[in-house]
Amino acid sequence: MIMTPSSDPPNLLRRIAIVEDDPVSSSLLVQLVRKSGFTGIPFASCREVEVAIAEPDQACPWDMMVVDLGLPDGDGQGLLEQVKRRFPQLPCIVLTARDRAEDAVRALKNGAVDYVVKPYDPERFFALVRKVAESHEPDVEELLDEGYAWRSPAMLRVRELFRQAAGSHRPVLIEGEPGVGKRRLAARLHELSGSTVAGWLDVDCAVMPPQEFMARVFGGEYVNRAGAALSAKGLLNARQPSTLVLRHVEALPADCQRHLTEALGNGYATGPCRVVTISSRPVQELLGVAELDPDLVYRLSVLHLPVPALRERRVDLVKYWEFVLSGHSVKHRLRCPRLDRSAREWIADHPWPGNLHEVRASVEEVMADSQGGEISARQLTAKQRTWSRQLGDASTERDRNRMHELEREALIQALRAVGGNRRRAAKALGVSLRTIYNMLDRHELRELKF
């Protein structure tokens, strides 16, 4: 039986930029932040903050900022204004040794959520920090799909499960059809844990050689595809928050499965590493795979997060289409077209076998023809022929994906059994050598060494 979390919904805000030039005060703030369940990132000057946000298109690297007005290379008010101009949704708290009404008024006008005068009571100050964190906690819809507020019952359940998963380092299994946003969800869990880019390892278990898997996950030496000998410390041994993402876990060799099962213990990864498994198969189907250890499946799915297909979110379909249309129009500086009544009915009735990918692709095609006017069902029907050829109906798409996975698994197993010899693998599978090479290209396995 798969365990379900029972803890209270967690704070999703974790990273707090602390801009304070006094080293003693800065160190104290970082320590207090850590004890309150957050990660404090210290900065001693305006310049250090400016360097951290130098890239023009980067996302905000923090979830909150605490800034002292008295900085050695500039005015904290100016820094606050600059940061809020870049990241208007970032909550900021101002610290100052000067109790002046004009400073407080200016800070609030510049976007600060509160103004605290030194010396402050640590307990009251961090009660304020927690209150601000809770009031600015991001919605799961923003994490799932670029800010759209899903309201279907299935997605409200996802919201609840995501909040629970975000506050825990227990292993998570994200399940869903292709195109529903599983990898995006794993990436958001990684970001919310305070992990660094270096602490992210995305493993296709059907492709990565066992020796490399063991080295990169547990530590050791391996030979990469170019033939170079390398060593790795092992992500599960990392001291900083990190994320191990597993895809096609059913293809993991038995020895690797055994080591991973032992490392996960009773559902926890060793150290601060979170293990996230992405699967297009339901958990019960994974439990039925003969080559996959059931104990490993249970330990990987301590937290189970099924993401529904788009056709299961019908109450949101028209609004989501309008959301994507609007975003596409803003991005490309185009006039946003309007969906007429017939188009709305058509969208609500369409099964959307390609899920979110199909919606975005269809918006781009329809926008090119609409020229900012109305979009009708007739236009959508004409474009559907293209989508149907690419995607088919919902059941056909699921069958196609399953056949694609089975072919990939059979090819990898055949090549492993013969040490990578293409001709012998072709004979074992009963196909021509040319077909083997076509399969390798189709599954992007041409460079893989066995």
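Descriptive notes on the structure:
- The single condition among (1) part of a loop (DSSP other than H, G, I, E, B); (2) in contact with a His (Cβ under 6 Å, 6 or more places away or on another chain); (3) of a type in the set (A, V, I, L, M, F, W, C) that Leu173 does not meet is (1).
- Close Cβ contacts (under 8 Å, 6 or more residues apart or on different chains) running from residues in the range 370-393 that are more than 17 Å from Asn355 (Cα to Cα) to residues that are surrounded by 13 or more Cβ atoms within 10 Å (Cβ to Cβ) and at pLDDT below 75 comprise Gln379/Ser370.
- Qualifying residue in the range 240-248 (condition: touching a residue at least 24 places away in the same chain (Cβ under 8 Å) and more than 21 Å from the chain's Cα centre (by Cα)): no
- Sole exception among (1) within 21 Å of Gly37 (Cβ to Cβ); (2) surrounded by 17 or more Cβ atoms within 10 Å (Cβ to Cβ); (3) at pLDDT below 80; (4) out of contact with any strand residue (DSSP E or B) (no Cβ under 6 Å at 6 or more places or on another chain) for Ser195, by number: (4)
- Among the residues listed as Ala101, Ala127, Ala97, the single one being hydrophobic (A, V, I, L, M, F, W, C), touching a Lys or Arg at 6+ places or on another chain (Cβ under 7 Å) and surrounded by fewer than 17 Cβ atoms within 10 Å (Cβ to Cβ): Ala97
- Positions within the range 307-339 being in contact with a helix residue (DSSP H, G or I) (Cβ under 8 Å, 6 or more places away or on another chain), outside any helix (DSSP H, G or I) and surrounded by fewer than 17 Cβ atoms within 10 Å (Cβ to Cβ), in sequence order: Leu334, Arg335, Cys336
The values are calculated or read from the model by the stated rules, or taken from the named source; none is laboratory data. Nothing here was measured: the structure is a model prediction, and the numbers come from that model. Positions of Cβ are generated from backbone atoms using ideal geometry, with glycine treated the same way; all protein chains shown enter the neighbour counts.
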